[in-house]
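The values are calculated or read from the model by the stated rules, or taken from the named source; none is laboratory data. All figures in this text were calculated on a predicted structure; none of them were measured in a lab. Glycine also receives a Cβ, built like all others from the backbone with ideal geometry; neighbour counts cover every protein chain displayed.
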Amino acid sequence: MDNDDETLLDDRPYAYDLNGNDKSRPWSALAALNPLRLVKRPSTMAPMVIMRMGIEAADGFPGDAFDRAYYEAVVRTPGIYSADLQAGVVVTEVKTQITTALQAVVYRHRRARETALELTALVNLPREDRPSDWHFTTQTRLFEFFVSLHSAFESSFYGLYFAGSRLDRQRFTFADDPEKYQRVTGKSTAEAFQAAWPNEPLPKAMSDLRSDSFYERLGKVRNRLAHRIAPGFEHRITLHAEGITGGGSLTGGQQGEDYELAWQGEPLATMIPSTLTQAEEKLDVLWDAAAAFFASRQ
């Protein structure tokens, strides 16, 4: 092994030359932290592109499908930028938009998962142990959870729009003008893919996601929490006893209570993990379809 070679966290190849050819060479974990990096090699070797988008992802993230989609859509697909690739230009404006959007997907999901754990711990904290700022912290974590989780989908659509523009410039016109980038939404992305490739699984996956009741509810909750605190926390207390008198009164020394915090009719202790799990399943479907789609364009 020469002095330029180092060791990755695992033995999966994530180094490619500028034409997208898998070089199957080991690289440093530090270099892999950068999602797109031109590495200068000895003059006898071609420049390399480091790609490992999902390395900072949390558990539950569809890392394999996500990395495959990025490789097929950005590293391997020459698209309309083949001239740039031949000239040795690695980072184009469109590639920058894709890369930064996909990095946001990783970070937003990670923050949502971390917040879910923090929020669940807060909800399960006995009332007598709650600090004075418990309500503020709970409301803040609830906001972070739903906004971050919804943003993971929004960033997915944004990145996929620019990835699609590399294959069909005419139907992805927002990619041509930075002043129109803000028009890239889930709706415009799904419509552009549907117009360009109406019979492919990816536009169907996008349409199915956007019409899914779970995704619609996620968007509504996100919008609500972006403008105000969560209204209507329910503090549910269930009294119980081993012995009850004939008149329905609690017998002395046997009473107790069960407590749970609910919102929108559902206990938060179960709502948060359930919401996270459903979101991860839908992200997996979307990115698996994206990986298959861009691989089929080769």
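Does Ser151 qualify as being of a type in the set (Gly, Ala, Ser) and crowded, with 16+ Cβ neighbours inside 10 Å? Spelling it out, Ser151 is indeed of a type in the set (Gly, Ala, Ser) and crowded, with 16+ Cβ neighbours inside 10 Å.
For every residue, the table says whether it meets (1) modelled with pLDDT under 90; (2) touching a helix residue (DSSP H, G or I) at 6+ places or on another chain (Cβ under 8 Å).
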{"site": "Asp84", "(1), (2)": "yes, no"}
{"site": "Lys95", "(1), (2)": "yes, yes"}
{"site": "Ile98", "(1), (2)": "no, yes"}
{"site": "Ala101", "(1), (2)": "no, yes"}
{"site": "Ala104", "(1), (2)": "no, yes"}
{"site": "Arg111", "(1), (2)": "no, yes"}
{"site": "Glu114", "(1), (2)": "no, no"}
{"site": "Leu117", "(1), (2)": "no, no"}
{"site": "Thr120", "(1), (2)": "no, yes"}
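For the range 154-177, enumerate the residues that are part of a helix (DSSP H, G or I), in contact (Cβ under 8 Å) with a residue 24 or more places away in the chain and either touching a Ser or Thr at 6+ places or on another chain (Cβ under 7 Å) or surrounded by fewer than 18 Cβ atoms within 10 Å (Cβ to Cβ) (or both).
Phe157, Leu160, Tyr161, Ala175
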